[in-house]
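Colleague: Quick one: this structure, given as structure tokens, is what I'll be asking you about.
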Amino acid sequence: MTLRQRFLQGLEPAPPVLGLAVSGGGDSVALLALAVEAGLTCRAVTVDHGLRPEAAAEARDVAALCARLGVPHRTLRWSWDGRGNLPDAARRARRALIASWARDEGVGTVALGHTRDDVAETFLMRLARGAGLDGLAAMSARWDEGGLTWCRPLIGIGRQELRDALAERGLTWAEDPTNDDPAYDRARARAALAALPLGLTTERLADVAGHLAAARRALDAATATAARHHLQVDRGDVLIDPQGLEPELLRRLVLRGIAWIGGAGYPPRAAAVARALEALTVGRPASVQGCGMVAQNGRFRLYRDWSAVRGLRVPVGARWDRWRLTGPAQDGVTIAALGPEGLLCCPEWRAEGLPRRSLMASPAVWEGANLVAAPLAGRAEGWSAALDPPPGRISH
Ligand SMILES: Nc1ncnc2c1ncn2[C@@H]1O[C@H](COP(=O)(O)OP(=O)(O)OP(=O)(O)O)[C@@H](O)[C@H]1O
């Protein structure tokens, strides 16, 4: 099969308009070139993170190439607020910017230029960190998120083959200097791939990651089935019945609960989850990523820890933790946690059937220090609280 055929196979089914995330590096320039050669209708986007002095020039080069190829292109800018881990913050911001660009452009599918080498590098990096099945499994070739389909049509293709194809076409690309900077994990993984022992190859490692991805999909399906029988959502809480569950499936259900309630956007440390499960098994409470857990009548209740939201205050209409409150319009009111003081003003709270600790972290309407409404604690006063749906997978 030719390179173009393999690219089209990786794209199946080809969308009416394909969004292309083009950084200007060899992989994504090859993505752009292959999409144009295949005659697809495309729109391209580049995110300038402003992190390297050359970034703006690279974005201009992509814009110029797109103009030559007749592909509409946009450059989006982002600047780091200094929070979180930089590569991770940049990736999340990039995905969010690209998603909103795609929605504005009427693009339903966005292609990323990850290659087989990226799969092998990621596998090695995660192996070095002692990752489990989820971390070692190959990145997804296609997934839906936020109303958009993301795909990686080059995931089965080697980086060198793509560069050779670019060279044949006289196309140039930018080399990211951090790719060879041993301060970065990925650069060290690249160097390690160039000198693998035991006859191991990039293809082999990518194959192994692919086998693990198949196992992960099966486990995801088993987790979904287990959730139907063993997991229940009780307003903002999650109830899990551990009876008869495989320990690994129980762990995965607890992880889902933590992801939804804690909302961290990345999985908690495996050791922290193992400790929490051990504590629950002997009837002690636990807390991970702002998600509290207690064992109660043979079931685990996962709830929002009040300490994680006690300082959170937003205007009416804005999202508070996982909630959005609506009610009679009124000036000067804000949304914050009910807390112990608020609960004292809700004499009927027990009738609602939620434990005190869950209600403390439930959303309430405040006017200064006065409680206006607490829809989950028996003081609705015309207000209602809608909850975000539980998420699917966290990473792709
Ligand atoms: N600045 C950017 N602008 C547009 N697209 C980008 C940009 N950076 C990366 N991409 C897209 O993401 C693909 C993968 O690039 P890269 O490996 O740097 O990103 P990543 O999403 O951070 O992945 P990883 O998890 O491998 O670090 C690129 O081929 C390209 O499609």
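The values are calculated or read from the model by the stated rules, or taken from the named source; none is laboratory data. Quick caveat: nothing in here was measured; it's all calculated off a predicted structure. Positions of Cβ are generated from backbone atoms using ideal geometry, with glycine treated the same way; all protein chains shown enter the neighbour counts. Protein only, heavy atoms only, side chains kept; ligands, DNA and RNA dropped before computing areas. Shrake-Rupley method; radii C 1.70, N 1.55, O 1.52, S 1.80 Å.
Colleague: Filter region 124-144 for residues that are free of Cβ contacts under 8 Å to residues at least 24 places away in the same chain and in contact with a helix residue (DSSP H, G or I) (Cβ under 7 Å, 6 or more places away or on another chain); which is least open to solvent (accessible area, probe 1.4 Å)?
Modeller: Once the filter is applied, the top-ranked residue is G135.
Colleague: With respect to the numbered conditions (1) of a type outside the set (F, W, Y); (2) within 21 Å of L376 (Cβ to Cβ); (3) under 17 Å from the mean Cα position of the chain (by Cα); (4) open to solvent by 50 Å² or more (accessible area, probe 1.4 Å), which one is the sole condition not fulfilled by R256?
Modeller: Failing condition for R256: (2).
Colleague: Another question, if that's okay. Six or more apart or on different chains, Cβ under 7 Å: which pairs go from a residue in region 38-59 that's closer than 10 Å to R77 by Cα to one that's away from the ligand (no atom under 12 Å from the Cβ)? Could you list them?
Modeller: Close Cβ pairs (under 7 Å, with a partner that is away from the ligand (no atom under 12 Å from the Cβ)) amount to G50/S79.
Colleague: Please indicate, with yes or no, whether at least one residue in region 266-287 is β-branched (V, I, T) and in a strand (DSSP E or B).
Modeller: No: zero hits.
Colleague: Another question, then. Inside region 142-240, counting only strands (runs of 3 or more DSSP E) that do not spill past its ends, which hold 1 or more residues that are among the aromatic types (F, W, Y)?
Modeller: The qualifying strands (runs of 3 or more DSSP E) are 142-145, 148-151.
Colleague: Quick check: is even one residue across region 323-334 touching a helix residue (DSSP H, G or I) at 6+ places or on another chain (Cβ under 8 Å) and surrounded by 15 or more Cβ atoms within 10 Å (Cβ to Cβ)?
Modeller: no
Colleague: Search region 173-193 for residues being more than 11 Å from the ligand (Cβ to nearest atom) and among the acidic types (D, E), and hand back the single one that is modelled with the lowest pLDDT.
Modeller: D180
Colleague: A further question on this structure: Find the residue count for region 282-304, including only residues that are under 24 Å from G353 (Cα atoms) and surrounded by fewer than 22 Cβ atoms within 10 Å (Cβ to Cβ).
Modeller: So the count comes out to 12.
Colleague: So if I check each of T75, T149, which one is in contact with a Ser or Thr (Cβ under 6 Å, 6 or more places away or on another chain), assigned by TED's automatic domain parsing to the domain that holds A183 and away from the ligand (no atom under 13 Å from the Cβ)?
Modeller: Working: T75 fails: away from the ligand (no atom under 13 Å from the Cβ).
Testing whether each residue is in contact with a Ser or Thr (Cβ under 6 Å, 6 or more places away or on another chain), assigned by TED's automatic domain parsing to the domain that holds A183 and away from the ligand (no atom under 13 Å from the Cβ) leaves just T149.
Colleague: State which residue is farthest from L255 (Cα to Cα) when the search covers only region 318-356 and only residues that are touching a Leu at 6+ places or on another chain (Cβ under 8 Å) and assigned to a loop (DSSP other than H, G, I, E, B).
Modeller: Among those residues, the one meeting the criterion is C345.
Colleague: Out of region 329-342, which residues are farther than 15 Å from V309 by Cα and either modelled with pLDDT of 95 or more or not acidic (D, E) (or both)?
Modeller: If the condition is that a residue be farther than 15 Å from V309 by Cα and either modelled with pLDDT of 95 or more or not acidic (D, E) (or both), then A329, Q330, G332, V333 are the ones that fit.
Colleague: Which one is nearest to the ligand (Cβ to nearest atom) among residues in region 97-111 that are β-branched (V, I, T) and touching a Ser or Thr at 6+ places or on another chain (Cβ under 8 Å)? Give the steps one after another, and end with the answer.
Modeller: Of the residues in region 97-111, the ones β-branched (V, I, T) are 98, 107, 109-110.
Add one more test, that the residue is touching a Ser or Thr at 6+ places or on another chain (Cβ under 8 Å), and what stays is 109-110.
Numbers: T109: 13, V110: 9 Å.
If we take residues in region 97-111 being β-branched (V, I, T) and touching a Ser or Thr at 6+ places or on another chain (Cβ under 8 Å), then V110 is nearest to the ligand (Cβ to nearest atom).
Colleague: Same structure, new question: Note down all Cβ pairs under 9 Å where the first residue falls in region 108-123 and is in contact (Cβ under 8 Å) with a residue 60 or more places away in the chain and open to solvent by less than 20 Å² (accessible area, probe 1.4 Å), the second is among the acidic types (D, E) and near the ligand (Cβ under 6 Å from one of its atoms), and they're at least six residues apart or on different chains.
Modeller: L112/D27; G113/D27; T115/D27; D118/D27
Colleague: Open to solvent by less than 40 Å² (accessible area, probe 1.4 Å) and under 16 Å from M125 (Cα atoms), is that true of A206?
Modeller: In short, yes.
Colleague: Scan region 227-253 for residues that are surrounded by 18 or more Cβ atoms within 10 Å (Cβ to Cβ) and acidic (D, E) and jot them down.
Modeller: Passing the criteria: only D237.
Colleague: Which residues, counting only those in region 1-25, are more than 9 Å from the ligand (Cβ to nearest atom) and either within 16 Å of E168 (Cα to Cα) or open to solvent by 70 Å² or more (accessible area, probe 1.4 Å) (or both)? Break it down into steps so the answer makes sense when it comes.
Modeller: As a first pass, look at region 1-25 and keep what is more than 9 Å from the ligand (Cβ to nearest atom): 1-19.
Within region 1-25, M1, T2, L3, R4, Q5, Q9, E12, P13, P16 meet the criteria.
Colleague: R94 versus (1) more than 12 Å from the ligand (Cβ to nearest atom); (2) closer than 19 Å to T149 by Cβ; (3) open to solvent by 50 Å² or more (accessible area, probe 1.4 Å); (4) not acidic (D, E): which is the lone unmet condition?
Modeller: Among (1) more than 12 Å from the ligand (Cβ to nearest atom); (2) closer than 19 Å to T149 by Cβ; (3) open to solvent by 50 Å² or more (accessible area, probe 1.4 Å); (4) not acidic (D, E), R94 violates only (1).
Colleague: Name the pairs whose Cβ atoms lie under 8 Å apart, with the first residue in region 63-79 and under 16 Å from L34 (Cα atoms), the second assigned to a loop (DSSP other than H, G, I, E, B) and open to solvent by 40 Å² or more (accessible area, probe 1.4 Å), and 6 or more positions between them or separate chains?
Modeller: So the pair list comes out as C66/P72.
Colleague: Quick check on this structure: which one of G147, G170 is at pLDDT below 95, on the phi > 0 side of the Ramachandran plot, of a type in the set (G, A, S) and open to solvent by 30 Å² or more (accessible area, probe 1.4 Å)?
Modeller: G147
Colleague: Inside region 363-389, can you point out the residues that are assigned to a loop (DSSP other than H, G, I, E, B) and closer than 18 Å to G332 by Cβ?
Modeller: G368, A369, E381, G382, W383
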